[in-house]
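Written out below as structure tokens is the structure these notes cover.
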Amino acid sequence: MRCSAAGAAAALALPRIAGAQAYPSRPVRLIVGFPAGGQIDIIARLIAQWLSDRLGQQFFVDNRPGAASNIAAEAIVRAPADGHTLFLANGTNAVNATLFEKLSFDFVRDTAAVASINRIPVVLTVRLAFPAKTVSDLIAYARANPGKLNVATPPKGTAPYMAAELFKATVGLDITLIPYRGDAPAVTDLLGGQVPAAFGGISSWIEQVRAGKVRALAVASAERLEMLPEVPTIGDTLPGYEASGWCGIVAPKDTPVGRSSKIISRRKPRNGANSSGQPTSSRNDPTSHTFHKSGFANDHH
């Protein structure tokens, strides 16, 4: 992934002219709820570098993996609301509100959205030695071997995990999902032969696919990806199937508006590319829709 992609992904992070001229006055921490090397971590590091270059202060990534990103979410909720601690949120944080009954915080109530970043594609991969060459082959294998196919995913609630659950439910397969702490350890285990298949974020898997170390059976998006044009969609085999994730920057709820607005631009490009190399726009970005619907975000259009 090129650094230019980070600039496109963070194009909405251009500083505004008005307000909070002294911000940031010291290094800014960008909390990530997953281990280093995974898709969210990769996006965070690209954004952090881009913001560091643009705003003249270091933005650094602080990985707080565990509890399906709830440890990191609680860290941002408890952080000082001065704009020097931010969080790269994703769909997991929305899903967690329904998965966990006794959280010590309300993510929507206790945070303020700063900027939507991108839509995150999901890919289904298998080991090269695994017999399946297509999604249909994988389905046939799972049906012939009920309960014996293990599929790696990031933690419960993440987009790849939910994509795997949707795949499992749509087809009615008896397969076992194995949630890892993040994409990176799942990649390691698939390459090492501990698991035969995985659903994961495209950023974590694309180099392995391009290097011929794993086989990409399909992507979960509605259309093929420009970066992997030869890889079909799951929907080609299962009409109507579609799954993807999103991510965006949030801050503690009482962060001064002038400080958060300095991180976002007046206008989000309609035909830019996100950090995964896909076109993005405020019209089709689910994060943008969610943030605007919540009344948190400034106007990106």
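The values are calculated or read from the model by the stated rules, or taken from the named source; none is laboratory data. Worth saying up front: this structure is predicted, and the values here are computed from it rather than measured. Here the Cβ is made from the backbone with ideal geometry for all residues, glycine too, and neighbour counts use every protein chain on show.
Of all residues in region 150-174, those satisfying the criterion of being at pLDDT 95 or above and either surrounded by fewer than 22 Cβ atoms within 10 Å (Cβ to Cβ) or not assigned by TED's automatic domain parsing to the domain that holds A218 (or both) are N150, E165, L166, K168, A169, T170, V171, G172, L173, D174.
Is it true that some residue in region 177-196 is more than 29 Å from I31 (Cβ to Cβ) and crowded, with 16+ Cβ neighbours inside 10 Å? Within region 177-196, one or more residues are more than 29 Å from I31 (Cβ to Cβ) and crowded, with 16+ Cβ neighbours inside 10 Å. I31 fulfils the conditions (1) in a helix (DSSP H, G or I); (2) in contact (Cβ under 8 Å) with a residue 40 or more places away in the chain; (3) within 18 Å of the chain's Cα centre (by Cα) except for a single criterion, (1).
Among (1) in contact with a Leu (Cβ under 7 Å, 6 or more places away or on another chain); (2) part of a helix (DSSP H, G or I); (3) more than 17 Å from A243 (Cβ to Cβ), where does D137 come up short? All conditions are met except number (1). Among helices (runs of 4 or more DSSP H) entirely within region 157-226, having at least 3 residues that are among the small types (G, A, S) singles out 159-171, 183-192.
Which one of F130, F105 is within 30 Å of K148 (Cβ to Cβ) and modelled with pLDDT of 90 or more?
On the way: F105 fails: within 30 Å of K148 (Cβ to Cβ).
That would be F130, the only listed residue that is within 30 Å of K148 (Cβ to Cβ) and modelled with pLDDT of 90 or more.
Of all residues in region 163-186, those satisfying the criterion of being touching a strand residue (DSSP E or B) at 6+ places or on another chain (Cβ under 8 Å) and either polar (S, T, N, Q) or under 24 Å from A140 (Cα atoms) (or both) are A163, A164, E165, F167, K168, I175, T176, L177, I178, P179, A186.
Okay, residues lined up against (1) modelled with pLDDT under 95; (2) within 21 Å of the chain's Cα centre (by Cα):
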| residue | (1), (2) |
| --- | --- |
| P65 | yes, yes |
| A79 | no, no |
| A94 | yes, yes |
| R109 | yes, no |
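Restricting region 12-27 to residues that are within 16 Å of I117 (Cβ to Cβ) and crowded, with 21+ Cβ neighbours inside 10 Å leaves a set whose member that is modelled with the lowest pLDDT is A13.
If you go through region 114-127 and keep only what is in a strand (DSSP E or B) and either modelled with pLDDT of 90 or more or surrounded by fewer than 19 Cβ atoms within 10 Å (Cβ to Cβ) (or both), you end up with V122, V123, L124, T125, V126, R127.
Considering only region 95-111, I want to know if a residue exists there that is aliphatic (A, V, I, L, M) and touching a residue at least 60 places away in the same chain (Cβ under 8 Å).
Filtering region 95-111 down to residues aliphatic (A, V, I, L, M) leaves 95, 97, 99, 103, 108.
From what is left, the residues that are touching a residue at least 60 places away in the same chain (Cβ under 8 Å) are 95, 108.
Looking for residues that are aliphatic (A, V, I, L, M) and touching a residue at least 60 places away in the same chain (Cβ under 8 Å), one finds at least one in region 95-111, hence yes.
The set of residues from region 82-98 being surrounded by 18 or more Cβ atoms within 10 Å (Cβ to Cβ) and among the hydrophobic types (A, V, I, L, M, F, W, C) comprises L86, F87, L88, A89, V95. Screening G147 against (1) over 30 Å from G240 (Cβ atoms); (2) assigned to a loop (DSSP other than H, G, I, E, B) leaves a single unmet condition, (1).
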